[in-house]
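Worksheet: the structure to be examined is printed underneath.
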Amino acid sequence: WLPLALVVSLMPPPKTEIPGKFQIILAERGIRLTSQRRAILHVIETAKKHLDAAQILRRARKIDPSMDRSTVYRTLSLLKRQGLIDELDLMHLDGEGHFYERKLSRDHIHLACLRCGRIREYVSELFESLKGLMAEECGYEIVVARLEVGGYCSQCRKEKTGTSETGE
């Protein structure tokens, strides 16, 4: 076993992509790129946090005021089918709302604070090992793994107790 500090690392907020990566991928696949789709792609590629459809619509309208809700949902559906984004419920912290993020090259764990709603992302070698063990023992080829964990972040715990994490 490795020390936990070596196998679990906090992922930084999602890095913004160079706008246009999704456009290139979709164009290579022969998918038509309207100006509205380009606006939505730009919003998703440059987002620094998980966005829901309403947030994507508001941001896309700043680029193209004629944007409508149905175009956003159709484009999100297309991007999911193309394997470019993931749809997350993030512990249903926001009711039944769903959030979207760029598909990352590696599976990761979402930690959701049940008080403030903050989402943190972790990558873990132990998670990768567990997926490998599950695949071997169950005879699966795992192509996607999602894990969401709910709890209370250090800031909320500190505010609740009125002390620092060290108890000072």
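The figures follow:
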item	result
Subset of the stretch 50-74 (residues that are within 16 Å of the chain's Cα centre (by Cα) and not in a helix (DSSP H, G or I))	50, 51, 52
Matching residues, the stretch 16-61, being over 15 Å from residue 82 (Cβ atoms), at pLDDT 90 or above and of a type in the set (Gly, Ala, Ser)	35, 39, 53, 54, 60
Pairs, first within 10 Å of residue 151 (Cα to Cα) and aliphatic (A, V, I, L, M) in the stretch 112-125, second at pLDDT below 85 and assigned to a strand (DSSP E or B), C-beta under 8 Å, six or more apart	112/119; 112/148
Residue among 96, 101 that alone is outside any helix (DSSP H, G or I), at pLDDT below 80 and in contact with a Leu (Cβ under 8 Å, 6 or more places away or on another chain)	101
Enumeration of residues in the stretch 20-49 that are part of a loop (DSSP other than H, G, I, E, B) and surrounded by fewer than 19 Cβ atoms within 10 Å (Cβ to Cβ)	20, 29, 30, 31, 32, 33, 34, 48, 49
Pairs where the first residue, in the stretch 75-87, is outside any helix (DSSP H, G or I) and the second is acidic (Asp, Glu), C-beta under 8 Å, 6+ apart	85/101; 86/101
Matching residues in the stretch 118-134 - criterion: being exposed (fewer than 13 other Cβ atoms within 10 Å of the Cβ) and not polar (S, T, N, Q)	125, 132, 133
Residues that are at pLDDT 85 or above, farther than 28 Å from residue 82 by Cα, open to solvent by 50 Å² or more (accessible area, probe 1.4 Å) and out of contact with any helix residue (DSSP H, G or I) (no Cβ under 9 Å at 6 or more places or on another chain), drawn from the stretch 135-160	137, 155, 157, 158, 159
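The values are calculated or read from the model by the stated rules, or taken from the named source; none is laboratory data. Nothing here was measured: the structure is a model prediction, and the numbers come from that model. As a convention, Cβ positions derive from the backbone with ideal geometry for all residues, glycine included, and neighbour counts pool all protein chains shown. The accessibility values were calculated without ligands, DNA or RNA, using every heavy atom of the protein model including side chains. Shrake-Rupley method; radii C 1.70, N 1.55, O 1.52, S 1.80 Å.
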